[in-house]
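Chemist: Quick one: the structure is below, questions incoming.
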Amino acid sequence: MSETRYPSMIIMGVQGSGKTTIGRALADRLNIQFIDGDDLHPAANKQKMASGTPLTDEDRVPWLKAIGDAIATGRAEGRITIVACSALKRWYRELLRASDSQLVFVHLVGDKGLLADRIAHRDHEYMPSTLLDSQIETLEPLAEWEHGIAISIDQTPAAIVDEVTRILMGRAAGRTVEPGPETTITGTIHLPGR
């Protein structure tokens with residue numbers, strides 16, 4: 001049976017930040033469904049990115065709506081969902097939040113040098129390293145009012161998952177949890193049923 005005491009989450013950030021790795025590990029830890037948002041891109045988006053062409057807002061809207069629909073469907077069926085999705089702009093995140101008002105964003109934050117190094121050592125189906133600059137330029141970090149957790153990727157995936165889990169478990173137990181030194185909490189993290 002799937003866990004339902006946590007909010008649905010978007011694991012966000014630019015390419016190379018570890019969204020899929022962290023999303024899968026966090027979903028496993030919390031017994032929550034995981035979806036890689038890349039799998040919901042239409043074929044035309046994948047072809048465009050593979051050619052090194054950044055997506056436009058027009059390209060992203062159907063993709064964001066598909067992610068929102070997946071989250072809303074899960075919620076309607078009594079499931080919580082974690083999705084890996086870049087969610088670079090605030091209005092993208094607001095579009096996603098329309099699917100679930102309690103949606104929490106976990107922003108994986110890293111400097112360009114670390115991101116570039118990671119990308120150089122991986123092989124992605126359709127995200128060439130040349131798109132990193134455009135993603136960094138497009139990224140709007142979480143605002144103070146957005147429901148989220150910003151956490152540094154300059155630590156192990158296990159440490160990141162431990163910290164996010166500690167915050168969520170504390171909130172689920174009704175405790176105020178102070179973030180660690182590599183973490184910032186923005187907005188209010190609402191939990192289902194609380």
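Chemist: Given the criteria open to solvent by less than 40 Å² (accessible area, probe 1.4 Å), in contact (Cβ under 8 Å) with a residue 40 or more places away in the chain and more than 30 Å from Gly113 (Cα to Cα), does Ile151 qualify?
Modeler: Values: open to solvent by less than 40 Å² (accessible area, probe 1.4 Å): yes; in contact (Cβ under 8 Å) with a residue 40 or more places away in the chain: yes; more than 30 Å from Gly113 (Cα to Cα): no.
So Ile151 does not fit the description; no.
Chemist: In region 10-33, which residues are outside any helix (DSSP H, G or I) and either surrounded by fewer than 19 Cβ atoms within 10 Å (Cβ to Cβ) or touching a Pro at 6+ places or on another chain (Cβ under 8 Å) (or both)?
Modeler: Filtering region 10-33 down to residues outside any helix (DSSP H, G or I) leaves 10-18, 31-33.
The answer is Gly18, Asn31, Gln33.
Chemist: Tell me yes or no: at least one residue of region 113-125 is basic (Lys, Arg), in contact with a Gly (Cβ under 9 Å, 6 or more places away or on another chain), assigned to a helix (DSSP H, G or I) and touching a residue at least 24 places away in the same chain (Cβ under 8 Å).
Modeler: So far as region 113-125 goes, yes, one or more of its residues are basic (Lys, Arg), in contact with a Gly (Cβ under 9 Å, 6 or more places away or on another chain), assigned to a helix (DSSP H, G or I) and touching a residue at least 24 places away in the same chain (Cβ under 8 Å).
Chemist: Determine which single condition Pro7 fails, assuming it passes every other condition in (1) open to solvent by less than 40 Å² (accessible area, probe 1.4 Å); (2) under 25 Å from Asp133 (Cβ atoms).
Modeler: Looking at each condition in turn, Pro7 falls short on (2).
Chemist: Is it fair to say Ala66 is aliphatic (A, V, I, L, M), outside any strand (DSSP E or B), open to solvent by 20 Å² or more (accessible area, probe 1.4 Å) and in contact with a Leu (Cβ under 6 Å, 6 or more places away or on another chain)? Walk me through it before giving the result.
Modeler: On the way: aliphatic (A, V, I, L, M): yes; outside any strand (DSSP E or B): yes; open to solvent by 20 Å² or more (accessible area, probe 1.4 Å): yes; in contact with a Leu (Cβ under 6 Å, 6 or more places away or on another chain): yes.
Here the answer is yes, as Ala66 does meet what is asked.
Chemist: Next question. If Thr53 meets every condition in (1) closer than 25 Å to Ile189 by Cβ; (2) part of a loop (DSSP other than H, G, I, E, B); (3) free of Cβ contacts under 8 Å to residues at least 24 places away in the same chain apart from one, which number is that one?
Modeler: So Thr53 meets the others, but not (1).
Chemist: Also, quick follow-up: Which residue is nearest to Leu103 (Cα to Cα), if the candidates are limited to region 165-189 and must be in a loop (DSSP other than H, G, I, E, B) and open to solvent by less than 80 Å² (accessible area, probe 1.4 Å)? Break it down stepwise before answering.
Modeler: Taking region 165-189 and keeping what is in a loop (DSSP other than H, G, I, E, B), we get 173-182, 187-189.
Of the ones still in play, those that are also open to solvent by less than 80 Å² (accessible area, probe 1.4 Å) are 173-174, 177, 179-180, 187-189.
Numbers: Ala173: 18, Gly174: 18, Val177: 19, Pro179: 19, Gly180: 22, Gly187: 11, Thr188: 11, Ile189: 8 Å.
In this case the residue turns out to be Ile189.
Chemist: Name, by its number, the condition in (1) of a type outside the set (Gly, Ala, Ser); (2) open to solvent by less than 60 Å² (accessible area, probe 1.4 Å); (3) touching a Leu at 6+ places or on another chain (Cβ under 7 Å) that does not hold for Asp36.
Modeler: Only one criterion in (1) of a type outside the set (Gly, Ala, Ser); (2) open to solvent by less than 60 Å² (accessible area, probe 1.4 Å); (3) touching a Leu at 6+ places or on another chain (Cβ under 7 Å) is unmet by Asp36, namely (3).
Chemist: May I ask you to list pairs of residues, at least six apart or on different chains, whose Cβ atoms are under 7 Å apart, with the first in region 168-194 being within 23 Å of Arg90 (Cα to Cα) and aliphatic (A, V, I, L, M) and the second being at pLDDT below 90 and open to solvent by 40 Å² or more (accessible area, probe 1.4 Å)?
Modeler: Close Cβ pairs satisfying both conditions: Ile189/Arg171; Leu191/Arg5; Leu191/Arg171.
Chemist: Kindly establish whether Asp133 is surrounded by fewer than 15 Cβ atoms within 10 Å (Cβ to Cβ) and either of a type in the set (D, E, K, R) or touching a Ser or Thr at 6+ places or on another chain (Cβ under 9 Å) (or both).
Modeler: Yes: the conditions hold for Asp133.
Chemist: If you go through region 143-164 one residue at a time, how many are in contact with a strand residue (DSSP E or B) (Cβ under 8 Å, 6 or more places away or on another chain), farther than 16 Å from Ser8 by Cβ and not in a helix (DSSP H, G or I)?
Modeler: 7
Chemist: Return the residues of region 74-90 that are assigned to a helix (DSSP H, G or I), at pLDDT below 95 and of a type outside the set (A, V, I, L, M); say none if nothing qualifies.
Modeler: Of everything in region 74-90, those that are assigned to a helix (DSSP H, G or I), at pLDDT below 95 and of a type outside the set (A, V, I, L, M) turn out to be Gly74, Arg75.
Chemist: Restricting the search to region 55-71, which residues are more than 17 Å from Asp39 (Cα to Cα) and not acidic (Asp, Glu)?
Modeler: The answer is Thr56, and nothing else.
The values are calculated or read from the model by the stated rules, or taken from the named source; none is laboratory data. Only a predicted model underlies this, so the values are computations on that prediction, with no experimental measurement involved. FYI the Cβ positions are ideal-geometry reconstructions off the backbone, even for glycines, and counts take in every protein chain you see. Accessible surface areas use protein heavy atoms only, side chains included; no ligands, DNA or RNA. Shrake-Rupley method; radii C 1.70, N 1.55, O 1.52, S 1.80 Å.
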